[in-house]
Amino acid sequence: MSQDVKLSKEKIYKLRMAKCWSQDELAAASGLSVRTIQRVEKTGASSLETTKALASVFGVSPVALQASNRVENITFRFICKYAWLLAFAGASLFFGLWIIDILIPTLKGADFNQQYEMHGNFRYLDFGGVCFIAGFVLLGLNILYDFLSQKRLLNSSDKE
């Protein structure tokens, strides 16, 4: 009666590639079938016996092969990845509204001072500038987040 264990597909694949083994070679070294290796690399599901066999072949503990239960905040990752685009889109919108609201009537002959007072003393430029600066800040945070994620991934693979 075997229990199912959820293994990290990425770790199994990465360890196999680190040893430059094909699935056939891993199957021969571990005493498992090629189909079992394919299933583990595709779904991550394996029995306790399969987990022990793979752990002994790779020279790691069975716990090291298991998928982490770390819950990632998908919404935070999404915001970090795409918020800068929204900020730049907002900047474009506000700068575009300024052009439509102030510049075009002025070019058609309207009094610039009257347009300036009527439309809130360039409020669109203020909001556009804030969005533009926020876009660069968020872009910098996105790059920093990606860098730290890559660094954490490299450090975790070095420890294994």
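What to note about this one:
- Filter pass, Ala18 being in contact with a Gly (Cβ under 7 Å, 6 or more places away or on another chain) and either at pLDDT below 90 or farther than 30 Å from Val130 by Cα (or both): no
- Subset tally (residues that are surrounded by fewer than 20 Cβ atoms within 10 Å (Cβ to Cβ) and assigned to a helix (DSSP H, G or I)) for the range 17-29: 8
- Screening Leu85 on (1) surrounded by 14 or more Cβ atoms within 10 Å (Cβ to Cβ); (2) at pLDDT 80 or above shows it passes everything except condition (1).
- Any hit, the range 35-42, residues being under 19 Å from Leu154 (Cβ atoms), assigned to a helix (DSSP H, G or I) and out of contact with any Asp or Glu (no Cβ under 9 Å at 6 or more places or on another chain): no
- Taking (1) among the β-branched types (Val, Ile, Thr); (2) at pLDDT below 85; (3) crowded, with 17+ Cβ neighbours inside 10 Å in turn, Ile79 satisfies each apart from (3).
- Of the residues in the range 58-70, at least one is closer than 30 Å to Leu138 by Cα, in contact (Cβ under 8 Å) with a residue 24 or more places away in the chain and either under 29 Å from the mean Cα position of the chain (by Cα) or outside any helix (DSSP H, G or I) (or both).
The values are calculated or read from the model by the stated rules, or taken from the named source; none is laboratory data. Everything quoted here is computed from the prediction, not taken from an experiment. Don't worry about glycine lacking a Cβ; one is built from the backbone with ideal geometry, like all the others, and counts go over all protein chains shown.
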